[in-house]
Every structure is written in C-alpha cells, then in structure tokens.
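Notes to accompany the following structure.
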Amino acid sequence: MKTVKFVLILAAMLIAAISVDAQKKGEKTVVFNANLHCASCKAKVEKNIPFEKGVKDLKVNMEAQTITIIFKEDKNTVENLQKAIEKLSVQIKGIAGANQPVKGGKCCDVDHSKKEKGSDQKSV
C-alpha cells in the first residue's frame, strides 16, 4: 500500500513538472534598445505595453535604455511588439543581440525644450 501511494505521488509530481515546463516553452524574451529620454517615455511604455496580446512581463530600464518583454509566441511577435512601442512615439534603436541599424531622432512627442521656471509664473 505504501509503494502504491509513493508511485502515485511521484507520478503526480512528474505530471506537474511537465506541465510547468510546457507552459514556459511558448514564452519568448525580447530586449529592445530604445530612446527613453524622459519619464514620460517610460510611463507610456509601462502603461500601454502590458495590455498587448500575450505580454507576460515588462521591464523598462531608463539607465540602460532597454525595454525587456516576456511574451507568448503563439499570441504575439517581436515585430508587432516593436510596432506597438513605436506607436507610442518611443523610437526603437535595435534589438539586443541583433545587428540592426541605429536610427536617429527624437525620443517622444514631449517638448523637452520648455523651461520649467516659466511655467510656474502666473500671467496677469
């Protein structure tokens, strides 16, 4: 009786391990090199990209200028995620590990040339 219980427990653990491994196989990680010059760029990405199909995890690093996304391959593609980021006016310079040309340009639609001091003054 003890050996039957032992075999059943062992079989249950094996099935659980196989199903967890099968779930992770469909996931892919991509790291985009992006122009993230301001908190506005970061906020736009963090607010919108998690709602793209298949996105499981998102990390935005302004210091390294990277956007790391873990997504399900059967739900989305690298190209679609790149387009979604670029729709937010955040420019993708390339994909980490891929030989892609670096594009120039502004980071977003926010005008960074405005002085903060002038916005605190009241007009009469």
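Here are some notes:
- Spacing of the two label points (7 Å from each Cα toward its C-beta) at Lys2 and Ala16, in nm: 2.2
- Spin-label model, Asn48 to Lys93: label points 7 Å out along the Cα-to-beta-carbon direction sit 2.1 nm apart.
- When each of Lys2/Lys28; Lys5/Lys28; Lys47/Lys72 is checked by Cα-Cα distance, pairs over 31 Å: Lys2/Lys28; Lys5/Lys28
- Additional length obtainable on full extension of the chain from Ile70 to Lys56, 0.36 nm per residue less Cα span: 4.5 nm
- Near Ala34, the amide H atoms lying under 5 Å from its own belong to Thr66, Ile67, Lys93; only residues 5 or more places off or on other chains count, and H is placed 1.01 Å from N.
Read the figures in this text as sums done on the coordinates, not as results from a lab. From a predicted model like this one, the values you see are computed outputs, not experimental measurements. Using ideal geometry, Cβ is built from the backbone for each residue, glycine included, and neighbour counts are taken over all protein chains shown.
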